[in-house]
Amino acid sequence: MLKKNYKAFLILFFLVQNYVYADVIEGKALVIDGDTIKINNKKIRLSGIDAPEAKQVCNKIFISIQFFSLNRKYPCGKISTNKLKKLLKNEKILCKIENIDRYKRKLATCYKNRLNINSWLVRNGHALAYIKYSKKYILQEKEAKRDKLGLWQGTFEKPWDWRKNEKKK
């Protein structure tokens with residue numbers, strides 16, 4: 001009898017816990033940066049990913065002759081933000097809230113129609129899988145790296161390292 005009650009309690013606990021974070025927000029999104037949007041005045045951080053910061057600069061090869069290549073700096077943070085803006089194009093977005101972070105932002109997986117926006121950003125090299133918090137987008141990152149898309153066309157500092165180094169300055 002006790003085992004039955006325990007199982008029922010566990011099932012109920014997980015259902016209630018999922019219900020607490022099963023919140024959905026939908027509407028037109030204002031893009032803050034490459035991994036943060038606002039819908040209906042609610043700040044949403046795309047979960048499981050980390051995009052370059054707005055002021056972050058990366059490098060990519062612009063001339064390569066045999067064993068010699070020249071790199072050029074480019075504003076990868078702005079590009080990431082602009083790619084997200086272009087993808088969302090003032091269309092209706094649906095975000096499934098999974099949690100809340102320490103900055104009181106809602107952590108969510110967001111969709112444009114059926115397209116997982118978080119996954120799209122990583123797969124196209126405009127953000128990285130944020131493996132410290134989630135293993136969800138590791139495969140998409142490997143594919144973007146293999147195909148040399150976005151950030152993977154050159155060299156860059158991982159956004160979490162860039163932020164840490166900026167604080168030291």
Taking the conditions exactly as written (closer than 20 Å to P159 by Cβ and without any contact (Cβ under 8 Å) to a residue 24 or more places away in the chain), does K132 satisfy them or not?
no
Of the candidates I131, I138, the one satisfying the condition of being β-branched (V, I, T), under 24 Å from K55 (Cα atoms) and surrounded by fewer than 20 Cβ atoms within 10 Å (Cβ to Cβ) is I131
Take K85 and tell me if it is touching a helix residue (DSSP H, G or I) at 6+ places or on another chain (Cβ under 6 Å) and not aromatic (F, W, Y).
no
Can S80 be described as modelled with pLDDT of 95 or more and under 24 Å from N41 (Cβ atoms)?
yes
From the option list K83, K60, K73, K96, single residue qualifying as under 24 Å from K142 (Cβ atoms), part of a strand (DSSP E or B) and of a type in the set (K, R) is K60
Being of a type in the set (A, V, I, L, M, F, W, C) and outside any loop (DSSP other than H, G, I, E, B) is the filter here, so list the residues in segment 99-129 that pass it.
I100, L107, A108, C110, L115, I117, W120, L121, V122, L128, A129
Are any residues in segment 79-97 surrounded by fewer than 19 Cβ atoms within 10 Å (Cβ to Cβ) and either free of Cβ contacts under 8 Å to residues at least 24 places away in the same chain or touching an Asp or Glu at 6+ places or on another chain (Cβ under 9 Å) (or both), and if so, which ones?
N82, K86, K89, K92, L94, K96
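The values are calculated or read from the model by the stated rules, or taken from the named source; none is laboratory data. Worth saying up front: this structure is predicted, and the values here are computed from it rather than measured. Virtual Cβ from ideal backbone geometry, glycine too; neighbours counted across all protein chains shown.
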